[in-house]
Amino acid sequence: MHSYQPSEILIERGEENTPVVQRVLSRLPSVPVRLVETGWERTQQEAPERDAFGAAKRRLLFTRQRSPFLEHCPAGTSGLVCCNYLVVSLISNCSMDCSYCFLQEYLANNPILKVFTNADTLLSEVASVVDRHPERQFRIGTGELSDSLALDPLLGFSAELVPFFAARPNVLLELKTKSDSVSGLLALDPKDRVVVSWSMTPPEIIDSEEHGTASFAERLAAARQVQAAGYKLGFHFDPLVEYPNWEEGYRETIAQIFATIDARRVAWVSVGSLRMTPALRMAVRRRFPGTRILSGEQVACGDGKWRTFQALRVKMYRAITGWLKEAAPTAPMYMCMETAAVWNKVFGHVPKSDKEVARTLTQPNLVRV
Ligand code: SF4
């Protein structure tokens with residue numbers, strides 16, 4: 001278990017007695033606590049530290065979310081095939097520190113690790129959408145602006161989310177993680193409505209690029225535990241990292257995963273290329289000068305992001321999806337943030353619409369790519 005110890009807890013005035021704040025104060029009795037006014041973080045000058053982004057991860061702010069929680073996944077950029085995914089964020093920023101993490105750019109102006117205190121508002125928003133459309137199937141994830149589970153032993157949000165989603169037949173909740181923080185899930189009954197998914201890279205990439213995350217062996221052990229507790233599993237090979245030994249590394253990683261867990265209980269598997277805006281590349285270079293992720297051959301694409309050049313990308317996708325299909329023939333598979341041309345080269349088929357991809361993932365027996 002990877003425990004997070006903030007240097008300071010900041011609580012927006014008026015939120016002191018919310019359930020999550022009370023839980024955290026009782027679990028971290030020796031961390032200094034300060035009450036702050038609404039919007040306090042926007043008035044802060046970045047400390048003149050060498051790594052202000054890294055330092056901001058160690059300050060934990062509790063505040064109320066005043067904007068809507070429920071949003072479309074921002075990966076649904078025009079020109080790319082989209083899987084119609086919805087996101088809700090109870091946390092902004094992450095206690096772990098992967099070298100390629102897009103939050104280094106996305107939250108550059110507001111990097112403090114922020115936890116929203118009004119989970120009840122999030123649940124009412126979701127209920128008002130999914131309960132009004134019983135004919136539709138939804139997929140909702142919490143892992144967009146943070147890791148879904150890394151802070152769960154501290155925050156305890158899974159105890160509020162899992163029973164809510166378990167009670168609804170037309171929505172799947174995805175908890176996406178690189179941690180092994182699953183203890184809060186094991187006593188809950190997900191009723192087949194919750195998918196716990198792991199981002200996976202070969203162990204040598206986890207060790208060199210995914211700082212503070214659980215090791216490959218720890219992720220696998222956690223996956224086995226949640227599967228035994230009734231959860232469906234997901235795996236994301238995203239970002240795919242090209243390095244000299246990538247073929248051997250990915251083949252062995254896939255073999256070990258599916259030798260450990262039951263492939264028939266896998267809700268979905270995705271693959272996605274390493275993609276970075278120019279600003280993110282600069283942040284990565286500055287914060288992780290020894291990284292190997294910028295050493296591969298990357299090119300600028302139509303959406304402004306740099307990716308592994310297409311021929312190598314397609315070669316990696318074909319190899320990895322081939323090993324995945326052998327190991328988990330019933331698991332639906334999709335690509336994240338890719339063009340129709342690349343879908344065609346990899347799967348020999350382009351989904352007719354976003355709805356087709358979404359239907360494949362919510363009712364996997366209907367359509368399979
Ligand atoms: S686990 Fe995810 S959110 Fe956290 S640092 Fe890594 S990529 Fe970013």
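The values are calculated or read from the model by the stated rules, or taken from the named source; none is laboratory data. None of the values given here were measured: they were computed from a predicted structure. Backbone-built Cβ (ideal geometry, glycine too); neighbour counts: all protein chains shown. Note: areas computed on protein heavy atoms with side chains; ligands, DNA, RNA excluded. Shrake-Rupley method; radii C 1.70, N 1.55, O 1.52, S 1.80 Å.
Computed values, structure above
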quantity	calculated
Selected from Leu172, Leu70, Leu312 as most flexible by GNM, with the chain as the system and alpha-carbon contacts under 10 Å	Leu312
Among beta bridges that DSSP assigns inside the chain, antiparallel share in %, nearest 5	25 percent
Helix-derived mean residue ellipticity, 222 nm - over the chain, DSSP H n ≥ 4, -39500 (n - 2.57), to 500	-9500 deg cm²/dmol
Cα-Cα over 28 Å, subset of Lys57/Lys315; Lys178/Lys305; Lys191/Lys305	Lys57/Lys315; Lys191/Lys305
Anisotropy class of the stretch 252-360 from Cα gyration tensor, a/c 1.5 cut	oblate
Amide N of the stretch 312-334 lying under 18 Å from the label point, which is placed 7 angstrom from the Cα of Glu252 along Cα→Cβ	320, 323-324
Between the stretch 232-272 and the stretch 315-333, the Cα center-to-center distance that results, in Å	9 Å
Computed over the chain: relative contact order in percent, which uses C-alpha pairs under 8 Å that are six or more apart	16 percent
Choice from Asn118, Asn245, Asn170 showing the highest fluctuation, given a GNM over the chain with Cα pairs closer than 10 Å	Asn245
Cα-derived Rg over Rh, computed across the stretch 214-289 with Rh taken as Kirkwood radius	1.06
Neighbour-limited loop hits for GluC sites (Glu not before Pro), the stretch 166-214 (at most 14 other Cβ within 10 Å; DSSP other than H, G, I, E, B)	none
Within the accessible area of the chain (1.4 Å probe), percent carbon and sulfur	51 percent
Fluctuation leader among Ser124, Ser273, Ser181 - the chain, Gaussian network, Cα springs under 10 angstrom	Ser124
